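See structure below.
The values are calculated or read from the model by the stated rules, or taken from the named source; none is laboratory data. The shown structure was predicted, so the numbers you read here are calculated from the model rather than taken from an experiment. Positions of Cβ are generated from backbone atoms using ideal geometry, with glycine treated the same way; all protein chains shown enter the neighbour counts.
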Amino acid sequence: MFSSQPRFGFDGQLILRPLSLDWLQQSGVEVAVLRLDLVDHELSGNKWFKLVKHLEAAQRARAPGLISLGGAHSNHLHALAAAGRRFGLATVGLLRGQEQDTPTVTDLRAWGMQLHWLGYGGYRDRNLPTFWERWRAQYPGFYCIPEGGGGLLGAMGCAELVPRVRSALASAGWDNYDAIWLAAGTGTTLAGLVIGEAGQHRVFGALAGPPSHAVGAGVADLLAQAGVPDRGYELLDASRGGFGRFDKELALFILSTERDGGVPLDPIYTAKTMMALRLYIGRGYFPSGTRLIFVHTGGLQGRRAAQGQLRKLIDG
Ligand SMILES: *Cc1c(COP(=O)(O)O)cnc(C)c1O
């Protein structure tokens, strides 16, 4: 049960920092990074903004706790478990695959999340209408959050980033910007930004997985639910051979961006997203003088498990 009546969300000023890297300087395009990864050491990245309105809904429903799903490296379950501990809420995580220990799972356990391993088949059943019956029976009244913190509430939590970007502009020495560039998985965060922008600035979503009809349809559906026209954004392929696939160039890009630009990136989302931006800028897609907001959606907790593989790619 909610111990008190906490107010969820992030009250501070968002950090927006100009990015300085070789490949940018030659282009005349300016990029400022919205550091959602720095919002909080546990509750950070886009997953925190996607969760806030779900937590408020659970609070309104007086739910005794929250249930959601994800993999053994899930940024979403990580944020949910952290929120549970922070605000005194019970949390249940339904996990894909067989029981395993990862840095993420260690944190989930330490923060008191109840874990159930569903295997791969069991996890695939999550879209069946009967899937939730068992969990509703086992955890009566618990609030169920869709995979990844999606849905309209997830998007609406991200829509609130837009006015916050505006109030952070001055800290980057900017008075305006031309477009937003960010990673897209389900496209929920992108849809939220499109809703928040209401047609003012274009939003580019760099897809971490192979382009699929489902992502485009999901974004269109969220915009329809929000009553916003289905335009003002673009989805592009940033997947480099597949979701969660790493290559040497990616590993080296992460290394040099952190060393020379001071920005740590995760290999699944943010690094691929910035590499796609470099490609677009290198091809002259944006005229000199264009100002872009690059949203750092976080995900660094998930990077811990990938460090060994990234190092091997660099050394090999
Ligand atoms: C989940 C995640 C995304 C994708 O967010 P969507 O709302 O599903 O598009 C992007 N970046 C990071 C770091 C994430 O964890």
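Given the options Gly148, Gly97, Gly112, Gly157, name the one that is in contact with a Phe, Trp or Tyr (Cβ under 7 Å, 6 or more places away or on another chain) and on the phi > 0 side of the Ramachandran plot.
Gly97
State whether the residues of the stretch 120-142 include one that is touching a residue at least 40 places away in the same chain (Cβ under 8 Å), more than 19 Å from Asp40 (Cβ to Cβ), in contact with a strand residue (DSSP E or B) (Cβ under 7 Å, 6 or more places away or on another chain) and of a type in the set (A, V, I, L, M, F, W, C).
The answer is yes; a qualifying residue exists.
Please go through the stretch 82-100 and give me each residue that is touching a Gly at 6+ places or on another chain (Cβ under 7 Å) and within 15 Å of the ligand (Cβ to nearest atom), ordered by number.
Matches in the stretch 82-100: Arg96 only.
Considering only residues that are in a loop (DSSP other than H, G, I, E, B), charged (D, E, K, R) and more than 16 Å from the ligand (Cβ to nearest atom), which ones fall in the stretch 6-63?
Here is the first cut: in the stretch 6-63, the residues in a loop (DSSP other than H, G, I, E, B) are 6-15, 19-21, 26-29, 39-45, 61-63.
With the extra rule that they be charged (D, E, K, R), the set shrinks to 7, 11, 40, 42, 62.
Arg7, Asp11, Arg62, listed by residue number.
Considering each of Gly141, Gly216, Gly148 in turn, give the residue that is in contact with a His (Cβ under 8 Å, 6 or more places away or on another chain), farther than 24 Å from Leu16 by Cα and either within 15 Å of the ligand (Cβ to nearest atom) or in the same structural domain as Gly84 (by the TED database) (or both).
Answer to the check: Gly148.
Just checking, which of Phe243, Phe253 is over 19 Å from the mean Cα position of the chain (by Cα) and either within 14 Å of the ligand (Cβ to nearest atom) or over 24 Å from Gly157 (Cα atoms) (or both)?
Phe253 is the lone residue from the list that is over 19 Å from the mean Cα position of the chain (by Cα) and either within 14 Å of the ligand (Cβ to nearest atom) or over 24 Å from Gly157 (Cα atoms) (or both).
Provide a single number: the residues in the stretch 185-238 that are outside any helix (DSSP H, G or I) and among the hydroxyl-bearing types (Ser, Thr, Tyr).
The qualifying residues number 3.
Which residue out of Pro103, Pro129 is surrounded by fewer than 22 Cβ atoms within 10 Å (Cβ to Cβ), within 21 Å of Val39 (Cα to Cα) and not assigned by the TED database to the domain that holds Leu36?
Being surrounded by fewer than 22 Cβ atoms within 10 Å (Cβ to Cβ), within 21 Å of Val39 (Cα to Cα) and not assigned by the TED database to the domain that holds Leu36 holds for just one of Pro103, Pro129, which is Pro103.
Just give me the residues in the stretch 188-205 being near the ligand (Cβ under 10 Å from one of its atoms) and out of contact with any strand residue (DSSP E or B) (no Cβ under 6 Å at 6 or more places or on another chain), in sequence order.
The answer is Thr188, Thr189, Ala191, Gly192.
When only residues in the stretch 292-316 that are part of a helix (DSSP H, G or I) and among the aliphatic types (A, V, I, L, M) count, which is farthest from the ligand (Cβ to nearest atom)?
Ile314
Under the condition of being touching a helix residue (DSSP H, G or I) at 6+ places or on another chain (Cβ under 7 Å) and not hydrophobic (A, V, I, L, M, F, W, C), which residue from the stretch 256-271 is nearest to the ligand (Cβ to nearest atom)?
Among those that are touching a helix residue (DSSP H, G or I) at 6+ places or on another chain (Cβ under 7 Å) and not hydrophobic (A, V, I, L, M, F, W, C), it is Asp266.
Of all the residues that make up the stretch 142-173, how many are in contact with a helix residue (DSSP H, G or I) (Cβ under 9 Å, 6 or more places away or on another chain) and assigned to a loop (DSSP other than H, G, I, E, B)?
5
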